[in-house]
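Input: a single structure, listed below in structure tokens.
The values are calculated or read from the model by the stated rules, or taken from the named source; none is laboratory data. Treat the numbers as computed from the prediction; the structure is a model and nothing was measured. When we count neighbours, we look across all protein chains shown, and the Cβ atoms used for this are built from the backbone with ideal geometry, even at glycine. Heads up: the accessible areas ignore ligands, DNA and RNA and are worked out on the full protein's heavy atoms, side chains in. Shrake-Rupley method; radii C 1.70, N 1.55, O 1.52, S 1.80 Å.
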Amino acid sequence: QEFRRRETAALSDALRQCHVVSAGGGAPVQQENRDLLAQAWVVHLVGDAAEVWGRLHHSSGRPLLAGGRPAWERLWAERASVYAAVSDVTVPVTGRAPEQIAQDILSAARTAGVAGVDEAEEISDDS
């Protein structure tokens with residue numbers, strides 16, 4: 001629980017100071033964090049379970065991965081509705097280049113009227 005307490009404090013600080021915050025997978029599970037995220041424009045990056053597992057499973061220091069892929073997939077599925085509930089937009093990432101993903105986020109932010117987005121430049125592979 002100490003980790004979650006620190007996570008909430010860090011999220012609160014980050015949302016006051018930053019324009020972009022990358023929250024960990026468990027952050028939205030806590031109601032206090034969902035309340036904080038409700039004050040921001042939230043993007044949910046969604047990937048295929050196999051691709052996400054491929055990115056994560058080699059990471060050290062992630063206790064929730066210790067149960068292996070089946071346990072992680074159950075947790076991932078359980079959290080999907082929480083992520084959807086706190087998100088203003090969902091952007092698919094499977095098999096896509098970072099530039100494509102960033103362009104989708106920028107377009108969605110412009111459509112939503114997110115402050116400061118009008119000054120952002122278009123994103124290209126050449127950037």
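The fraction of Cα-Cα pairs per 10 angstrom bin, counted from 0 for segment 12-82, comes to 16, 47, 31, 5 percent, rounded to whole percents. Each principal axis of the Cα cloud of the chain was taken in turn, and the coordinate range along them, longest first, works out to 44, 32, 24 Å. Quick check on segment 50-103: take the gyration tensor over C-alpha atoms, sort the square-rooted eigenvalues as a ≥ b ≥ c, and tell me if it's rounded (a/c under 1.5), prolate or oblate. In terms of gyration-tensor shape, oblate.
The largest accessible area among H44, H57 belongs to the first residue in H57, H44, and the rest follow in falling order (1.4 Å probe, all chains).
Across segment 69-80, computed HN-Hα scalar couplings (Karplus, 6.51 cos²θ - 1.76 cosθ + 1.60, θ = phi - 60°) run 4, x, 5, 5, 5, 5, 4, 4, 5, 4, 7, 4 Hz from first to last residue, x flagging Gly and Pro. Report, to the nearest 10°, how far helix 98-112 tilts away from the longest principal axis of the Cα atoms in the chain, using its own Cα long axis and a range of 0 to 90°. That works out to roughly 70 degrees.
Around the amide H of L45, modelled in the peptide plane, lie the amide H atoms of V91, all under 5 Å away and 5 or more residues distant in sequence or on another chain.
When V43, V20 are compared by accessible area at a 1.4 angstrom probe, the order from most to least is V20, V43. Here r is the Cβ-Cβ distance between A49 and A97 and R0 is 22 Å; the resulting FRET efficiency, rounded to 0.05, is 0.65. Measuring nothing but protein heavy atoms, the accessible surface of the chain at 1.4 Å probe radius is 53 percent carbon and sulfur.
A straight chain from H58 to A38 at 0.36 nm per residue would run longer than the Cα-Cα distance by 4.0 nm.
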